[in-house]
Amino acid sequence: MSEDFDLPTVASADQSLPGRLELGAFSISLAVADLAISQAFYEQLGFVVVGGDPAADYLILKNGETTIGLFHGMFDSNILTFNPGLTNRMERIDAYEDIRGIQSQLDEAGIELTQRVEPDSNTGPASITVVDPDGNTILIDQFF
């Protein structure tokens with residue numbers, strides 16, 4: 001993805017889609033053994049690199065509205081990732097639920113977070129994580 005976030009914008013998420021808590025764009029973050037080999041494999045499946053930095057051991061790839069992140073040495077297992085404020089079409093949403101509001105709603109629902117937004121943080125980039133009942137890590141990562 002564009003590192004400066006110079007993305008097209010839309011007013012809001014598509015309200016006709018199902019769901020009760022807008023988490024933003026979905027992707028899977030894959031823990032890979034060899035970044036170049038994984039990149040070549042996914043490119044053969046039609047994915048193209050749209051962001052990341054091989055020198056920093058990660059790449060972001062897209063195929064249509066599907067996004068995957070390839071990460072070498074950053075974490076031990078695959079992670080389900082959501083990006084508040086972003087659509088799967090790589091559009092920045094003008095009006096969206098900030099990560100702090102999502103954290104508050106998850107707290108109210110009794111969901112235990114394994115990583116929380118800093119208490120003094122009021123706006124801007126932040127992330128939270130939660131583990132589902134089967135041990136899958138879910139990252140909700142707001143990067144603007």
Checked region 13-55 for anything within 15 Å of the chain's Cα centre (by Cα) and either within 23 Å of residue 77 (Cβ to Cβ) or not aliphatic (A, V, I, L, M) (or both); matches are 22, 23, 24, 25, 26, 27, 28, 29, 30, 31, 51, 52
Among 47, 71, the single one that is in contact with an Asp or Glu (Cβ under 8 Å, 6 or more places away or on another chain) and surrounded by 15 or more Cβ atoms within 10 Å (Cβ to Cβ) is 71
The one condition residue 56 fails out of (1) surrounded by 14 or more Cβ atoms within 10 Å (Cβ to Cβ); (2) within 21 Å of residue 127 (Cβ to Cβ); (3) hydrophobic (A, V, I, L, M, F, W, C); (4) out of contact with any Pro (no Cβ under 7 Å at 6 or more places or on another chain) is (1)
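Listed here are the residues, each with its yes/no results for (1) within 28 Å of residue 54 (Cα to Cα); (2) surrounded by 16 or more Cβ atoms within 10 Å (Cβ to Cβ); (3) not charged (D, E, K, R).
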{"position": "77", "(1), (2), (3)": "yes, no, yes"}
{"position": "97", "(1), (2), (3)": "no, yes, no"}
{"position": "103", "(1), (2), (3)": "no, yes, yes"}
{"position": "106", "(1), (2), (3)": "no, yes, yes"}
{"position": "112", "(1), (2), (3)": "no, no, no"}
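Each reported figure results from applying straightforward, stated rules to the coordinates on display, with no laboratory input. Here the structure is a predicted model, which means the values were calculated and not measured. Don't worry about glycine lacking a Cβ; one is built from the backbone with ideal geometry, like all the others, and counts go over all protein chains shown.
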